Each structure stands twice: as C-alpha cells, then as structure tokens.
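Participant: Please read through the structure below; I'll follow up with questions.
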Amino acid sequence: MDELKKVERKLTKKDYFVVSSMLFALFFGAGNLIFPLHLGQLAGHNWFIATLGFLITGVVLPLLSIMAIALTRSEGVYDIGLPLGAGFAVTFMALIHATIGPFFGTPRTATVSFTVGIAPFVGKGNEQLALLIYSALFFGAACWISYNEKDILNRLGKVLNPIFLLLLFLVFLVAMINPLGSASAGHATSAYANTGSAFLNGFLEGYNTMDALAGLAFGITVVTAIKQLGKKEDRSVAVVTARSGILGMGAVAVIYFFLILIGAMSLGKFTLSADGGVAFSQIVQHYAGAVGQAILATLMTITCLTTAVGLVAAFGQDFHKHFPRFSYRFWLFMSSFASFLIANVGLNEIIAWSTPFLMFLYPLSMVLIVLSVMAPIIKKDSTVYFFTVLFTVPPALLDFINALPDIARNQAWAQALLKVRSVLPLSDVGMSWLLPALIGLMIGLVLFFVKKKQVSKQA
C-alpha cells in the first residue's frame, strides 16, 4: 500500500477544476436548462420556495449520488445495488441506463436541443427531415468524442464546458441588467399557489432532470477519468470524487437559481409558456433577435452534447464491464444508434413515457443513495437494504402506473391498483413511497443492531 501511495500523482487545483468541469458538463444537459426556467414561470412569486424544493432533487440528491460512489468506493451503479445480490445489481443497472440512456434520457438531449435551438430556423413541414439529419450528426459527434475513453475528460472539462459557461453567463448578464419584470409580482399557477405546494411541486420537478440517476450511472466515467490523472488507490479516488462533486454541483445550484429567477421575471413580459424551451426562445429573441436565437442554438447544442457524451460513454463502460464479450466501443455504438432512432419519435412522446419510469426509479435510487451514504454505519448490511427496498418498490410501482399516459392509465387493471394507491399517505403529491420506505428502513436498522449486539455478546 505504501508503494502504491508513492507512485500516485498529487492533483493540482487545475486538475480538480477540470474534473469538476467534466462533472458539471456530464450533469448539465437538456432538462437542466428548460425545466428550471419553466418552473420559474409556473411558481411566479413563489419562485424561491419552489427553488428550495427543486434544489433538493436537482442538486442535493445528485451530489449524494456522487458521495455514495465515493463513500462506498464504488465504480458505478452496479456496485450501489450489489448488497442485494448480483441479480438485483445487474437489473438495477440496466433499468437506470435504459431510462437515462437510449430509451429516454439520451434521445432527449438531441430532441430538446433541436426543438429549442434549431427548429425555429427550419421551415414548416421540414422539421422531421431536419431532426433526422441533426440527430444523426449529433449522435455521430457524441460517439466520436467518446470513442477513446482517455479523451473524454479533456474534451468535456477543458473545451466544451467552458464555451457553454461563457455563453450562459452572457445570457444571465443581459437578463439581470435589463430584467423583463419583477419576480415577486409574477402570478403563480394553482399548483404553486401556496408555499407548501410550491415546495413539493418544485421537489417533484427535479425528477425531470434525471440527475440523481445520472450521478449513479456516471460513477464509472468519473472514476475512470480520475484514475487516468494518476490516482490509483480507492481512498484517493473517493476523496477526489467527493471534492470535485461538491464544486461541480455547487455551480449547478447557482445556475438553477438564476434560471428559475429569470423564468419568474419573464412573466412581466410574456404569458406562461408551454414549456421551458419556448420560454428560453422567447427571452433570447426579445433581447437579441435572430442573433439571440443563434446563441441559444449553440448553447443548447453544446450542453446537450456534453451530457449525451457522458450518457453513451457510461452505458458503454458499464455494459462492457459486466458483459465483456462485447467491447466498450460496441456498446457505445449501440447506445448512440438506439438513441438516434428513438430521438426521431419526437420530444413530447419521449417525455410522456419517461415520466412513469422516473416515478418508479427515483424512489428506489433515493433509498439506495441514502443507504450508500450510511455505509460507514450499516456496513452495507443486506438486511437493512432488503427491508428498505422491499417496502419502497410496491408504492413506487403504483406511482409508475399513476404517471402512465392516459391510454395505459385508464385500463381497468390500472384503475383498480390506483384505488389501492389512493389510501397511501402522500399519494396526492406523488410520494406514496416515502412512509413505507422509512418503515422498511426502521425494521432493517432494528434487525441490524440486534444482530450486531448478539455478535458482540458472543465475542
């Protein structure tokens, strides 16, 4: 161990900045721009309370997912689920990667950047063909950047992310110098009419960023990049991961704050938009016309591309590690190609069908993240994991059914199950899993400490 420490390279402040910049680039994608901006418009004068709720699921939880990777000295989402057995770990890994990867999350990076940035320049009737060409180029670029694993850190942390931050800073500067209105005067929609509902809906809106799930999936990409900088020992990698995560997610929190604020201020000039993409387009065109739209197109393409790179790379790395018969580059190509195909289904369909999966996977991910953070205390005890997850899964499945599009939700079997869901506490705010999860955790902890006490007596 001493010899290993001697050969480890001591990281400079610049190294930490590059890793943090890469983490920021991986996390900050399509939804991270449009969802907080729209939240500001929805919340109106209650924007600050809604921000607090949003920051819990949009910043604190993703940060905890990074900390979970660091504290458990894991390399990815598979290791987080491993205390419940290899079968559960592989299934959980596949569900996470499928949801934030080629089924929903990764295609959304192309469709959002196209819809918000490129579509306004495309003539009516040509959108589908333009999306086909754009998405092919987009995922071709993502695959190329990710092709060599050692290049991901430099291309994201040193090149693409600084360009994105510079453009976003210009948008914020103009919006703050010449505000569209007063945030405190904006009308709040009925869902955000009081402080309690504003906080809870802001909390649930943070699900849409998918960042807590992404934090688990990006673990292997982050660990690989840190090891390439010269850190080999598990403890050293964990420390760098934690420090870089705090810096990177701190920057995300600041940007969320300003995006939500600008969204609330925009009500002084515009009515509530259909989504954050429309709102962003209206704002930049108001300030800078066609030039502003061109800046927005560049901004959206860069931020979405950096996230797409992280998602396809993480998919390739994790699946190659656990299914080594096929190379990293094979899995990388498969993820990129599948994302390209699904992207052409359209943004609205992707969002509609991704929401149910988020309602199921977020509670499961949250309890696994909390258990991982508790690892120094519970020693990854399988009993604690088992009862917590056992009590979380059924209500999370009911939340999944409740969030399905109407064509599925209105089926007789679904309605019967939703009657069961309606009797659960907090079901009306989409958190019917919370109390059962706490009960499962308490049962697991009691059994853990009883077993520990018995072992100590025998010793």
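Participant: Condition (residue is out of contact with any strand residue (DSSP E or B) (no Cβ under 9 Å at 6 or more places or on another chain) and under 23 Å from Ser335 (Cβ atoms)) applied to region 2-17: is it met by at least one residue?
Facilitator: Scanning region 2-17 turns up no residue that is out of contact with any strand residue (DSSP E or B) (no Cβ under 9 Å at 6 or more places or on another chain) and under 23 Å from Ser335 (Cβ atoms).
Participant: Let me ask you something else. How many residues does region 266-286 hold that are open to solvent by less than 20 Å² (accessible area, probe 1.4 Å) and among the hydrophobic types (A, V, I, L, M, F, W, C)?
Facilitator: If we filter region 266-286 for residues that are open to solvent by less than 20 Å² (accessible area, probe 1.4 Å), which is where we start, we get 266, 273, 276-277, 279-281, 283-284.
Those still in the list that are among the hydrophobic types (A, V, I, L, M, F, W, C) too: 279-280, 283-284.
Within region 266-286, residues that are open to solvent by less than 20 Å² (accessible area, probe 1.4 Å) and among the hydrophobic types (A, V, I, L, M, F, W, C) number 4.
Participant: Just checking, does region 318-331 include any residue being surrounded by fewer than 21 Cβ atoms within 10 Å (Cβ to Cβ), of a type in the set (S, T, N, Q), in a helix (DSSP H, G or I) and over 19 Å from the mean Cα position of the chain (by Cα)?
Facilitator: No, every residue in region 318-331 fails to be surrounded by fewer than 21 Cβ atoms within 10 Å (Cβ to Cβ), of a type in the set (S, T, N, Q), in a helix (DSSP H, G or I) and over 19 Å from the mean Cα position of the chain (by Cα).
Participant: Can you confirm whether Gly289 is of a type in the set (Gly, Ala, Ser), open to solvent by 10 Å² or more (accessible area, probe 1.4 Å), more than 14 Å from Leu168 (Cα to Cα) and in contact (Cβ under 8 Å) with a residue 60 or more places away in the chain?
Facilitator: no
Participant: Among the residues of region 336-356, is there at least one that is farther than 21 Å from Thr99 by Cβ and open to solvent by 50 Å² or more (accessible area, probe 1.4 Å)? Give the derivation first.
Facilitator: Of region 336-356, the ones farther than 21 Å from Thr99 by Cβ are none.
Looking through region 336-356, none of the residues is farther than 21 Å from Thr99 by Cβ and open to solvent by 50 Å² or more (accessible area, probe 1.4 Å).
Participant: Could I ask something else about it? Under 8 Å between Cβ atoms, at least 6 apart or on separate chains: pull out the pairs that start in region 72-94 with a residue that is under 16 Å from Phe315 (Cα atoms) and among the polar types (S, T, N, Q) and end on any residue that is part of a helix (DSSP H, G or I) and open to solvent by 40 Å² or more (accessible area, probe 1.4 Å).
Facilitator: Note: no pairs meet the criteria.
Participant: Cβ-Cβ under 6 Å, sequence separation 6+ or interchain: first residue in region 332-356 and touching a residue at least 60 places away in the same chain (Cβ under 8 Å) and in a helix (DSSP H, G or I), partner among the β-branched types (Val, Ile, Thr) and open to solvent by 10 Å² or more (accessible area, probe 1.4 Å). Which pairs?
Facilitator: Partner pairs satisfying both residue conditions: Leu347/Thr115.
Participant: Can we say Ile49 is assigned to a helix (DSSP H, G or I) and either in contact with a strand residue (DSSP E or B) (Cβ under 8 Å, 6 or more places away or on another chain) or closer than 18 Å to Ala313 by Cβ (or both)?
Facilitator: No: the conditions fail for Ile49.
Participant: Tell me whether region 315-328 contains one or more residues that are hydroxyl-bearing (Ser, Thr, Tyr), in contact (Cβ under 8 Å) with a residue 24 or more places away in the chain and within 29 Å of Ala70 (Cα to Cα).
Facilitator: Yes - at least one qualifying residue is present in region 315-328.
Participant: Return yes or no: is Phe103 open to solvent by 50 Å² or more (accessible area, probe 1.4 Å) and closer than 20 Å to Ala352 by Cβ?
Facilitator: yes
Participant: In region 448-459, how many residues are open to solvent by 80 Å² or more (accessible area, probe 1.4 Å) and either modelled with pLDDT of 90 or more or part of a loop (DSSP other than H, G, I, E, B) (or both)?
Facilitator: Of the residues in that region, 2 qualify.
Participant: With region 367-423 as the region, which helices (runs of 4 or more DSSP H) entirely inside it contain at least 1 residues that are farther than 16 Å from Ile439 by Cα and in contact (Cβ under 8 Å) with a residue 40 or more places away in the chain?
Facilitator: Correct list: 375-378, 382-402.
Participant: For region 272-290: of the residues being within 22 Å of Phe199 (Cα to Cα) and more than 21 Å from the chain's Cα centre (by Cα), which is modelled with the highest pLDDT?
Facilitator: Looking at residues that are within 22 Å of Phe199 (Cα to Cα) and more than 21 Å from the chain's Cα centre (by Cα), I get Leu272.
Participant: Sticking with this structure for a sec: Tally the residues that are crowded, with 16+ Cβ neighbours inside 10 Å and over 14 Å from Ile302 (Cβ atoms), restricting the search to region 111-121.
Facilitator: 3
Participant: Please specify each residue of region 17-57 satisfying the condition of being open to solvent by 20 Å² or more (accessible area, probe 1.4 Å) and under 23 Å from Ala70 (Cα atoms).
Facilitator: Phe17, Leu55, Ile56
The values are calculated or read from the model by the stated rules, or taken from the named source; none is laboratory data. Quick caveat: nothing in here was measured; it's all calculated off a predicted structure. Neighbour counts run over all protein chains shown; Cβ positions are idealised from the backbone, glycine included. Note: areas computed on protein heavy atoms with side chains; ligands, DNA, RNA excluded. Shrake-Rupley method; radii C 1.70, N 1.55, O 1.52, S 1.80 Å.
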